Amino acid sequence: MTYTDDSITDDATSAIPPVMDFATDWDFNDPAWVNDPFPIWDDLRERCPMAHSERFNEGVWLPLQYDDIVGIANDTATFSNVHHGIRRGGTVERGFFPPINSDPPDHMEIRRTLLPFFAPKRIEGWRSHIAADCEVRAAAIAKRGHGDAAVDYSQHIPVGAIAAILGIDPADGDKFRAWIFDLLAVGPSDGAVVLQAIIEVREYMAKVMAERRAVPGDDLISHLVTTEMGGEPLPDDLIERMLVLQLVAGIDTTWSSIGAALWHLANHDDDRRRLVAEPELLPTAMEEFLRAYAPVNVARRVTANTEVNGVEMKAGDHVMMTFPIGCRDPERFERADEVVIDRDENRHIAFGAGIHRCIGSNLARLEMEIALETWLRHIPEFSIARGAEVIWSTGQIRGPRSIPIVVD
């Protein structure tokens, strides 16, 4: 199995023009989309089965219906995960980060090496570590009487959890957050920035890998440098790429989900007070927050001419798998645009669908459960600070980056 070099070409340096029609020119960086995409998605569903845009790659399709998204996710022969991401300035060669950027048969072999560390029993072993981190951070905000639910809380929790699982120093959290910002926020429009971030993450991981070979521990990096696939040790290049994915996917997506849930509770007193009074409802409410504010969009590449819901796609076309849009499809969910915290039936696709469904979903759920329970126990009454601006991310991962709150 081979992977391309981390080389990036990008000529998208001009100012981004505003969107005139999201059906033919959608852009997840447009302020209207960033701040409130839901009316845009509702409008698009009424007008077309699939939107399109020439702003990214050589043009990217945007499926709008749950069934189409799940169907594409399950058709790995026609829709390949060997993709470099949705970016401006044409095709970008930035290398692959498996198992998400791999297809069968390689995909399952690589995924199998990670499964032992993301099994429910193994994940449950991190509960006390995550809980202790949440306790300290929530108590500090409660005592201070104000803070940022994203910057001071949700952005730290997955960093600490992933650091513990990988066996790396949680004190390097600022580095991890800076790399994630460069890769996911700046990177889609600046190839040099994303390339530099990849280089730095890989160099960091290579150093830790060398340390674990000398002194193995009970962590994921030790496991990967000592395991075999097909009777051979995993190549360093492959391990580094796997670890880049674990760092990014294990942190940004989860802090986005935790942050979005806290943003919702800051703006919906009835839901917040009900969860405080009925903590047993939290697991159900958590699934609804995941559905309503699903953060992740991923890319696919069309391998053969095909048709989806009357839309003809050609080999080489690109698709953005819009799991958040599928999670609000009114054909699949009653009151799809409402957050119903006691929703009984909730087959959302916040963690994706098909064989590439998020391997870390058990960990994400555990972190979110603990984070919300701890916050509501320490801070049962809170709201958005008067006059403060909530900032949402741009690009393929959507979540709040700043939520200034006051304790009421």
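Just a few scattered comments:
- Cα gyration tensor shape for the stretch 97-160, rounded if a/c is under 1.5, else prolate or oblate: oblate
- Cα gyration tensor shape of the stretch 20-165, rounded if a/c is under 1.5, else prolate or oblate by comparing a/b with b/c: oblate
- Longest segment of the chain lacking trypsin sites (Lys or Arg not before Pro) that sit in a DSSP loop with at most 10 other Cβ atoms within 10 Å: 1-313
- Each Lys and Arg adds +1 at its Cβ and each Asp and Glu adds -1 at its Cβ; summed about the Cα centre, the stretch 49-138 shows a dipole of about 400 debye.
- P(r) tail for the stretch 123-207: Cα pairs beyond 19 Å make up 49% of the total.
- Relative contact order (%) - criterion: Cα under 8 Å, at least six apart; region: the stretch 149-301: 27 percent
- In order through the stretch 389-394: 3J(HN,Hα) via Karplus (6.51 cos²θ - 1.76 cosθ + 1.60), integer Hz, x for Gly, Pro: 9, 8, 10, 9, 6, 10
- From the C-alpha gyration tensor of the stretch 227-304, square roots of 5λ in Å: 38, 16, 12
- Residues of the chain: accessible area per residue with a 1.4 Å probe, Å²: 41 Å²
- Dipole axis of the chain (+1 Lys, Arg; -1 Asp, Glu on Cβ), positive-most option in M368, A131, V193: A131
- Simple label model, 7 Å out from Cα along Cβ direction - A385 to K121, nm: 4.7 nm
- Full extension of the chain between R357 and N309 yields a length gain of 15.0 nm, computed as 0.36 nm times the residue separation minus the alpha carbon distance.
- Working value for the chain: equivalent-ellipsoid semi-axes of 30, 29, 20 Å, each the square root of 5 times a Cα gyration tensor eigenvalue, largest first.
- Around the Cα centre of the chain, unit charges on the Cβ atoms of Lys, Arg, Asp and Glu (plus for the first two, minus for the last two) sum to a dipole of about 720 debye.
- Shape of the stretch 289-373, Cα gyration tensor, a/c cut at 1.5: oblate
- Solvent-accessible area of the chain (1.4 angstrom probe, protein heavy atoms only): carbon and sulfur portion equals 52 percent.
- Stretch in the chain that is longest and holds no GluC sites (Glu not before Pro) that DSSP places in a loop and that have at most 16 other beta carbons within 10 Å: 94-330
- Ranking P49, Q155, T306 by Cα position along the charge dipole of the chain, where only Lys, Arg, Asp and Glu carry charges on their C-beta atoms, puts Q155 farthest toward the positive end.
- Rounded to the nearest 0.05, the FRET efficiency derived from the C-beta distance between R347 and E46 at R0 = 35 Å is 0.90.
- Other-chain or far-sequence residues with amide H under 5 Å of V298's (modelled H): M321, F323
The values are calculated or read from the model by the stated rules, or taken from the named source; none is laboratory data. Please read these numbers as outputs of a predicted model, since none were measured by experiment. Heads up, the Cβs are rebuilt from the backbone with ideal geometry, glycines too, and the neighbour counts pull from every protein chain shown. Only protein heavy atoms, including side chains, enter the accessible area calculation; ligands, DNA and RNA are left aside. Shrake-Rupley method; radii C 1.70, N 1.55, O 1.52, S 1.80 Å.
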